[in-house]
Amino acid sequence: MSEKSLAGRKALVTGGARGIGAAIAEALTNAGASVMIGDILADLGKETAGRLAKTGAKTGFVELNVTDDAQWEKAVAATIAALGGYDILINNAGIEITSLVVDLKAEDLRRMCDVNFVGTGLGMKHAFRAMRPGGGAGARRAVRPSGGEPVAPRPSFRLTGINGWMGAGAACSSSPCAAS
């Protein structure tokens, strides 16, 4: 990202309290964006937001369990209220189950699917609702295809297994999605 290329943009970074999410949040603020950290790790998330704010960036923290629809609604509302809009979603929250295949537990697999897949889908749903024209986020246009004019997001995808789901998320973040 070029220096200050994202000035005026407002982002919500899930899983932003530590690791890759915190690094993404820092890169966004370095590029001029305002950032809301969304995470289940409240103390660490507040600390990360505070550290970024000390650099002069506009930041905030909202507690967010990405598997909870109601928490997404609150997180999006908090982002819009604190940052004055919302036009970037970094759907970074995720978990990994580290186990031998013969020792896998169904509840661990369900939790991983809830966080990594359901959470991603809920994030896209609430982001696109807020970012569409008249959605209240202050974003006039949300998705910019390379070389073209910005267009309003109109996501449409089919769930065809893990690769299809992940591909849908990538496509909706980098190019316009045609409605079916």
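Odds and ends about this structure:
- Within the range 12-33, considering residues that are closer than 20 Å to Asp68 by Cα and of a type in the set (A, V, I, L, M, F, W, C), the one surrounded by the most Cβ atoms within 10 Å (Cβ to Cβ): Val13
- In this structure, Lys54 does not qualify as without any contact (Cβ under 8 Å) to a residue 24 or more places away in the chain and closer than 15 Å to Gly119 by Cβ.
- Within the range 100-131, the set of residues being in contact (Cβ under 8 Å) with a residue 12 or more places away in the chain and either among the β-branched types (Val, Ile, Thr) or farther than 21 Å from Asp87 by Cα (or both) comprises Leu109, Arg111, Met112, Asp114, Val115, Asn116, Phe117, Val118, Thr120.
- Output for the range 61-89, where each listed residue is crowded, with 18+ Cβ neighbours inside 10 Å and touching a His at 6+ places or on another chain (Cβ under 7 Å): Trp72, Val76
- Of the residues making up the range 15-32, those that are in contact with a Ser or Thr (Cβ under 9 Å, 6 or more places away or on another chain) and either farther than 16 Å from Ala82 by Cα or small (Gly, Ala, Ser) (or both) are Gly16, Ala17, Arg18, Gly21, Ala22, Ala25, Glu26, Leu28, Asn30, Ala31, Gly32.
- Yes/no for Gly94 being buried (at least 16 other Cβ atoms within 10 Å of the Cβ), of a type outside the set (A, V, I, L, M) and closer than 14 Å to Val76 by Cβ: no
- The residue of the range 34-60 that is surrounded by the fewest Cβ atoms within 10 Å (Cβ to Cβ), among those that are closer than 11 Å to Ala11 by Cα, β-branched (Val, Ile, Thr) and out of contact with any Phe, Trp or Tyr (no Cβ under 6 Å at 6 or more places or on another chain), is Thr59.
- When Asp87 is tested against the conditions (1) over 21 Å from Ala7 (Cβ atoms); (2) of a type in the set (Asp, Glu); (3) in contact (Cβ under 8 Å) with a residue 24 or more places away in the chain, the lone failure is (1).
Values quoted throughout were computed directly from the atomic coordinates according to the rules given, and no laboratory measurement underlies them. Predicted model, so just to flag it, every value in this text is computed and none were measured. In this analysis, Cβ positions are derived from the backbone assuming ideal geometry, glycine residues included, and neighbour counts consider all displayed protein chains.
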